Amino acid sequence: MRILASALVFLGFSSVLVLSGLILQTEACAKDEKTKPESKSEPKKPMDSKPDPNSKTFTFTQTGGFIATNKKYEKQLSDLSGDERQQLEKLIDQSGLASVKDEKHLTAGAADVFYYDFRLKDGKSEHHVTFDDVSLPDSYRPLVKYLRPKVTDQKRP
């Protein structure tokens, strides 16, 4: 009986120590969150501001392949520098994306290929097309080549 009582006291004491540690850890995390400096990557926009109907947003994603890549490039064209904006707009125009509404051109039975998703939001209209390595037209290849070093890895769902 003495051993059982000692074991219960030990378990109770251990539980108190574990809970104390969790509380201290939670408090430390909360303190870190409060003292963390705000990210200065993008300026905050007022909540009531309406999007500019003349602004263009371009999004490119590259997914798939042997290693299941998930990369993305998304920019407001108005946020780019003059030269970069001109280059990107030129490549988008040459690709023919602006003449497409919503299309998919995928090769049946293709394995381990990359999938390229292009999206251009221009005011009220949206242009969207998806290709794979096999079906990617020559007119889009310079755009893919230009964007490859600019994409960022995305978390996998």
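What do you reckon, is L8 modelled with pLDDT of 90 or more and among the hydrophobic types (A, V, I, L, M, F, W, C)?
Working: modelled with pLDDT of 90 or more: no; among the hydrophobic types (A, V, I, L, M, F, W, C): yes.
No, not satisfied.
Do we have E74 as closer than 15 Å to T130 by Cα, in the same structural domain as H128 (by TED's automatic domain parsing) and exposed (fewer than 13 other Cβ atoms within 10 Å of the Cβ) here? The answer is no for E74. Look at segment 61-72: where a residue is of a type in the set (S, T, N, Q) and a partner is surrounded by fewer than 16 Cβ atoms within 10 Å (Cβ to Cβ) and not in a strand (DSSP E or B), sitting 6+ places away or on another chain with Cβ atoms under 7 Å, you get N70/Q154; N70/R156.
Consider V100 carefully, then state whether it is aliphatic (A, V, I, L, M), surrounded by fewer than 17 Cβ atoms within 10 Å (Cβ to Cβ) and either without any contact (Cβ under 8 Å) to a residue 24 or more places away in the chain or touching a Ser or Thr at 6+ places or on another chain (Cβ under 7 Å) (or both). It is false that V100 is aliphatic (A, V, I, L, M), surrounded by fewer than 17 Cβ atoms within 10 Å (Cβ to Cβ) and either without any contact (Cβ under 8 Å) to a residue 24 or more places away in the chain or touching a Ser or Thr at 6+ places or on another chain (Cβ under 7 Å) (or both).
The values are calculated or read from the model by the stated rules, or taken from the named source; none is laboratory data. These numbers were taken from a predicted model, which means no experiment stands behind them. Note that we place each Cβ from the backbone using ideal geometry, even for glycine, and neighbour counts take in every protein chain shown.
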